[in-house]
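Only one structure is covered here, and it is reproduced in the block below.
The values are calculated or read from the model by the stated rules, or taken from the named source; none is laboratory data. As the structure is a prediction and not an experimental result, all values here were calculated from the model. Every residue, glycine among them, receives a Cβ derived from its backbone with ideal geometry; neighbour counts consider all protein chains shown. These accessible areas exclude ligands, DNA and RNA; they are computed on the full protein's heavy atoms, side chains included. Shrake-Rupley method; radii C 1.70, N 1.55, O 1.52, S 1.80 Å.
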Amino acid sequence: MKVIRELLRRTLATFGLTVIAVIVVLAVLAPVITPYSPNEQTFDGLTLEGAPLPPGGAFLLGTDLLGRDLFSRLIYGARTSLVIGVVANGVAVLTGAVIGITAGFLRGVVGAVLMRFTDLMMAFPALLLAIVLAAMFRPSLWIVALVIAMVNWVQVARVIYTETISLSERDFIEAERSLGASRGRILIQHIAPHLVSTIVVWATLGIATTVLLEATLSFLGIGVQPPTPSWGNIIFENQTYFTTAPWLVFIPGVAILMLALSFNVVGDALRDILDPKQKGRG
Amino acid sequence: MAAYLLRRLLGSILILIGISLVTFVLLYLLPADPARQIAGRSATAATVENIREQLGLNLPFYERYLRYLGGLLQGDLGRSYIQRTEVSTLIAARLPPSLLLMGAGILAELLIGLTLGVVAALRRRSRLDQGLMVLSFVGVSAPQFVVGILLIYVFAYRLGWFPLSGYGTPQHLVLPALTLGFLGAGWYARMMRSSMLDVMQQDFVRTARAKGLSKARVILRHAVPNALLPIVAMVGIDVGILMSGIVVVESVFGWPGIGQLAWQAIQRVDIPIIMGVTLVAAWAIVIGNLFADVLALFVDPRIKLR
C-alpha cells in the first residue's frame, strides 16, 4: 500500500499506472466494448476500390486491408500483449529467480555450473535466439510466450545471483548462522524476503521487454499468428500499405510504445522507491 | 595484468565453444530432417540415406558435434537448405553492409545519447532534464520497426529527403542508422546523465573549479572524460542489442546485411542460415565484451582485476 502511495506521488509513474489500468480494463471488457468481432470482415469495411477505411466514421479507428475493424482488433490485441507479457515474463522471472537463488546460495560446483550456463545464454542476442526457437516450433500464443521466457530469464538470474551472494555475506546472516539457524530457515526467513523488491522491479521492467519482443517477433511473422490479433502482427499484415494507410501501422505502434513505456516508467519508479541505495540520483 | 588477460581470454574461448554446443544441440533437436530437405521432395529413400551418410547424420551425437566444431574452426557453418550455398559464403557477402550499419548506428546513439545525457546532467532537475529523461524512456520503449517505418514515412515518403529503402549511397545510411541508434541513445542518455552527476560531485571537479578554470573547460576536459569511463564497457554489451536490432532494421529498410539474410531465412525456415547468423552474432558479442573489458582496463587504471 505504502509503495502504491509513493508511486502515485510521482507524475510519470502515475501516468504509467493509469495507462496500464486503462489497457487492462479495455482488454478484460473486450467482448463488451468492441463494436465488431476482431476477425469479422465487415460488408462495408472497405471502399468500393477495396482500400481500407481511414479513422472516423462508422469505424472509430478505420479498417484494415481485409475490412476488419481496427479498434476491435486493437482491443483484442491488447489481450495478446498482456497475456504474453504476464505469462512469459512470469515464467522468465520465476526461472531466473530460482536459478539465481540456487546458484548464489549453494555456490560451489552447482553454482558455478548454473552461472556459467547463464553467462553462455547471455552471449546470445535475445531476438536471434527467440527467432531460432520460434522457427523450430510452430508458433502459437503459448509457444511464443515460452520462447520469450526461455530468452528473458537470463538477466534476472544474474541480478538475483549477485544479490543473493552479497546478502549471504552480510552480518545479520552470519549472526543467524552462528545462532544455529538451519540453511533452509536462513534462505526462507532471511534471504528470500530481501530479494522480493528486486524481483518486483525486474518483473515490472521485464513486462516492457516482453511486450516489445512479442511485438517484434509478430512483426517478423514468427510470433503470434494471424488471425489472432496482436499489435505486432497487425503491423506485419498491413505494413506494405503504410504510405496509403499509415494509421494501420502507427496506431498499433503507439499502443505498443505506450504499454512498454508505462511498464518501464513504473518499474523505474519502483526501483527508486524499493532500493534506497540507488536513491539521490533523481 | 597479463594473467588477467589470459584468464579472460580463456574464459571467452570456453564461452565460444559453449555457444557452438548450444547451436549444435538446437540443430540436433530440430524436427526437420536436413537430408530430406536437401534431397528434395521427389527423392527416393536411397538418395536421402546417401545424403545422410555424406553429411554424417547417421553418426552418434558427440561425433557429429566434434565434426561440427571442427568445421566451425575452418569457417564451415554448414550449407543452406534452399540456396544450396555455403552459409559462410552467404554471411561473408552480407557482412560488410551490416558492419557499416552497426558502425553508423553506434555513432548515432553515442552522439545523440551522450550529448543529451551531459545536457540533462548539467541542467539537473530542470524542465529540460525532465523532458529529456521522458524522451529517453520513449527511446528504450519504442519498437524499432515502428520507429523505422515512421522515419521512412516522414523523411522519405513525405519530405523526400532520403530514399525509401535500399543500399549504396550515404543517403541510404541515414535513416537505418538513426533507427538502430534510437534505442541505444535512450540508454546512453540515462547512463551518461547519472555518470556525469557522480563525477560532478567528486573532489577533483571542485578543485578544478576552485583553481579558476572556466566552467566549460571543467566540464569538457575534466568531467566528461571521467564520466565516459564507465560507459566504455557498455559499448561491448551494446553489440548484443545491436545484433538483435539489425535483424529488424535491415528487414524494414531492405538493407542487404546479415540481418536481412536471417529474416529471409526465417520466411523459408532455412535453419542453417539462421543458426549461422546466430552463431556469428553470439561470437561477435563475446569478442565485443572482451574487447570492451580490455579497453576499459586501459582507459581506467582504477579498475580492480578480479
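For the reader, a short list of remarks on this structure follows.
- Only residues that are outside any loop (DSSP other than H, G, I, E, B) and more than 7 Å from every other protein chain (Cβ to nearest Cβ) were counted in region A:215-234, giving 6.
- Any hit, region A:63-83, residues being among the β-branched types (Val, Ile, Thr) and more than 20 Å from the chain's Cα centre (by Cα): yes
- Verdict on B:LEU66 being assigned to a loop (DSSP other than H, G, I, E, B), of a type in the set (A, V, I, L, M) and open to solvent by 40 Å² or more (accessible area, probe 1.4 Å): no
- Matching option when the condition is in a helix (DSSP H, G or I), in contact (Cβ under 8 Å) with a residue 60 or more places away in the chain and not assigned by TED's automatic domain parsing to the domain that holds B:GLY181, among B:LEU101, B:LEU114, B:LEU90: B:LEU90
- Check on B:ILE112, open to solvent by less than 20 Å² (accessible area, probe 1.4 Å) and β-branched (Val, Ile, Thr): no
Quick grid of which residues meet (1) open to solvent by less than 40 Å² (accessible area, probe 1.4 Å); (2) without any contact (Cβ under 8 Å) to a residue 60 or more places away in the chain:
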residue: A:VAL3; (1), (2): no, no
residue: A:ARG10; (1), (2): no, no
residue: A:ILE20; (1), (2): yes, no
residue: A:THR42; (1), (2): yes, yes
residue: A:GLY62; (1), (2): yes, no
residue: A:TYR76; (1), (2): no, no
residue: A:GLY90; (1), (2): yes, no
residue: A:VAL98; (1), (2): no, yes
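- Selection status of B:ARG206, in contact (Cβ under 8 Å) with a residue 60 or more places away in the chain, open to solvent by 10 Å² or more (accessible area, probe 1.4 Å) and assigned by TED's automatic domain parsing to the domain that holds B:PHE137: no
- Residue in region B:124-133 that is among the small types (Gly, Ala, Ser) and either touching a Gly at 6+ places or on another chain (Cβ under 6 Å) or surrounded by 19 or more Cβ atoms within 10 Å (Cβ to Cβ) (or both) present: no
- Condition check for A:PRO38: part of a loop (DSSP other than H, G, I, E, B) and either free of Cβ contacts under 8 Å to residues at least 12 places away in the same chain or touching a strand residue (DSSP E or B) at 6+ places or on another chain (Cβ under 8 Å) (or both): yes
- Hey, B:PHE61 more than 14 Å from chain A (Cβ to nearest Cβ) and over 30 Å from B:VAL174 (Cα atoms) or not: yes
- B:PHE155 vs. criteria open to solvent by 60 Å² or more (accessible area, probe 1.4 Å), modelled with pLDDT of 85 or more and within 21 Å of B:ALA296 (Cβ to Cβ): no
- Residue match in region B:183-205 (condition: closer than 30 Å to B:TYR157 by Cα, among the hydrophobic types (A, V, I, L, M, F, W, C) and either touching a Pro at 6+ places or on another chain (Cβ under 9 Å) or modelled with pLDDT under 85 (or both)): no
- Filter pass, A:TRP202 being crowded, with 24+ Cβ neighbours inside 10 Å and within 27 Å of B:ILE271 (Cβ to Cβ): no
- In region A:1-27, the residues that are polar (S, T, N, Q) and more than 13 Å from chain B (Cβ to nearest Cβ): A:THR14, A:THR18
- A:PHE105 being in contact (Cβ under 8 Å) with a residue 24 or more places away in the chain and either touching a strand residue (DSSP E or B) at 6+ places or on another chain (Cβ under 8 Å) or not in a helix (DSSP H, G or I) (or both): no
- Conditions (1) under 17 Å from B:VAL147 (Cα atoms); (2) within 10 Å of chain B (Cβ to nearest Cβ); number of the one not met by A:ALA245: (2)
- Taking the listed residues B:TYR157, B:TYR167, the one that is under 13 Å from B:VAL249 (Cα atoms) and assigned by TED's automatic domain parsing to the domain that holds B:LEU128 is B:TYR167, with no other qualifying.
- Residue check for A:PHE263: closer than 30 Å to A:ARG5 by Cα, under 17 Å from the mean Cα position of the chain (by Cα) and of a type in the set (Phe, Trp, Tyr): yes
- Qualifying positions in region B:145-171 - free of Cβ contacts under 8 Å to residues at least 12 places away in the same chain and touching a helix residue (DSSP H, G or I) at 6+ places or on another chain (Cβ under 9 Å): B:VAL146, B:LEU150, B:TYR153, B:TRP161, B:PRO163
- Selection count, region B:210-236, where residues are closer than 19 Å to B:ARG123 by Cβ and surrounded by fewer than 16 Cβ atoms within 10 Å (Cβ to Cβ): 5
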